[in-house]
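Written below as structure tokens is the structure these notes are about.
The values are calculated or read from the model by the stated rules, or taken from the named source; none is laboratory data. Because the structure is predicted, anything quoted here is derived from the model rather than measured. Every residue, glycine as well, gets a Cβ built from its backbone with ideal geometry; the counts of neighbours run over all protein chains shown.
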Amino acid sequence: MADPMLFNVDEQRQYGGKLDYPGGSVQPGAGKQAPLCEERCDSGIGSMNEKDEEVLREIRELSLADKPQAPQYWKDFVSEDGDTFLHLAIIHTASDIVLEILNNTLAGDPYLHQQNNLKQTPMHLAVITQQPEVLRALLWAGGDLGLRDINGNTPLHIACEMNLALYVKTISDFLTRHDTRNLLDSKNYNGLTCLQLAVKKRLHEMVKYLTQLGADINAQEPSSGRTALHLAVEEQDPEMVSLLVHCGADPNVLMYNGCTPYHLTLGRDASRIQTELLRVTDPSLCRVWEEEQMWESESPDWDIPFSYDDCAIGGLPLRC
């Protein structure tokens, strides 16, 4: 098949598009493009201006008709935001153009997973803009699910954090169970897995679904060793705590400072969570904690005398 031609690249270098994804769940009934926060994007569907409308019209007027021996100049186009024509077509929900581009691109072509300035691939944008058919088409065309955006999130991380169960299912159905579990348990640049992101967003049904898919419920994030159960306590979400315990979360996993999830209830107004965790936590761990009195001001460390005698403020020595 002869290479197709897109419209003149030079005429399009004035346009760009960038869709910045913040974490958050889509509110029911808010529509496909409901904003996730005030800074959802600076171009694209959520905040289209006259220039974006013109880009959208240009995209819809693209011609991919066969032209004998025509080079694919359109693949060389990159906007000032790092977006290719494929990125822009997805951002502006021009699914017909997306499908034509995919039909004229070889399977596994690096063009399919080229990243923009936010390190987003077309697949990231398909999830963010909530276009399931485009996501499915990109998967079959050979898009790379393992690439990460500027926050270290894969498309699956984003789908989990945005509470998009259909997209999680689409991705998991495309992969083997082993590959799905590996992707679920991969950590973003904050050290969080897909399940941990869902816990922090208080997405109970998503958490239940991810455990069914085989997500590691006891995975520890690297900064302090918290598990999903620790995070649920920090979020003060008793329903999530109960759900995680029911799904097999280990209440005796220790953070790097020796805290179990139960220990995080101390000093918090969390009597319901405390009662639930006290019932399932190893009693010996609770007793050791109480005996050590780690947070008591009577600790010998507080009795160390102040040994500096040369401290001064404004040239005047301090009286210690």
Residue list for the stretch 79-116, filter: out of contact with any Ser or Thr (no Cβ under 8 Å at 6 or more places or on another chain), under 23 Å from residue 153 (Cα atoms) and outside any helix (DSSP H, G or I) = 79, 80, 82, 83, 84, 92, 108, 109
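Answer yes or no: is there a residue in the stretch 130-148 that is within 11 Å of residue 87 (Cβ to Cβ) and in contact with a Ser or Thr (Cβ under 8 Å, 6 or more places away or on another chain). Outline the logic, then answer.
Step one: of the stretch 130-148, the residues within 11 Å of residue 87 (Cβ to Cβ) are none.
No, the stretch 130-148 contains no residue that is within 11 Å of residue 87 (Cβ to Cβ) and in contact with a Ser or Thr (Cβ under 8 Å, 6 or more places away or on another chain).
I need the full set of residues from the stretch 115-135 which are out of contact with any Gly (no Cβ under 8 Å at 6 or more places or on another chain), surrounded by fewer than 22 Cβ atoms within 10 Å (Cβ to Cβ), of a type outside the set (Asp, Glu) and more than 22 Å from residue 185 (Cα to Cα), in order please.
Restricting attention to the stretch 115-135, the residues satisfying the condition of being out of contact with any Gly (no Cβ under 8 Å at 6 or more places or on another chain) are 119-120, 124-128, 130-135.
Among the residues that remain, those that are also surrounded by fewer than 22 Cβ atoms within 10 Å (Cβ to Cβ) are: 119, 130-133.
Now restrict to residues that are of a type outside the set (Asp, Glu): 119, 130-132.
Within the stretch 115-135, 130, 131, 132 qualify.
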Filter the stretch 150-166 for residues that are over 8 Å from the mean Cα position of the chain (by Cα) and farther than 14 Å from residue 202 by Cα and give the result.
-> 150, 165, 166
Of (1) buried (at least 17 other Cβ atoms within 10 Å of the Cβ); (2) at pLDDT below 95, residue 223 satisfies every one except (1)
Members of the stretch 99-111 found to be within 19 Å of residue 132 (Cβ to Cβ) and surrounded by fewer than 24 Cβ atoms within 10 Å (Cβ to Cβ), listed by number | 99, 100, 102, 103
Out of curiosity, is residue 120 touching a helix residue (DSSP H, G or I) at 6+ places or on another chain (Cβ under 7 Å), closer than 26 Å to residue 201 by Cα and not small (Gly, Ala, Ser)?
-> no
Going through the stretch 136-154 in order, the residues found to be in a helix (DSSP H, G or I) and either crowded, with 18+ Cβ neighbours inside 10 Å or of a type in the set (A, V, I, L, M) (or both) are 137, 138, 139, 141
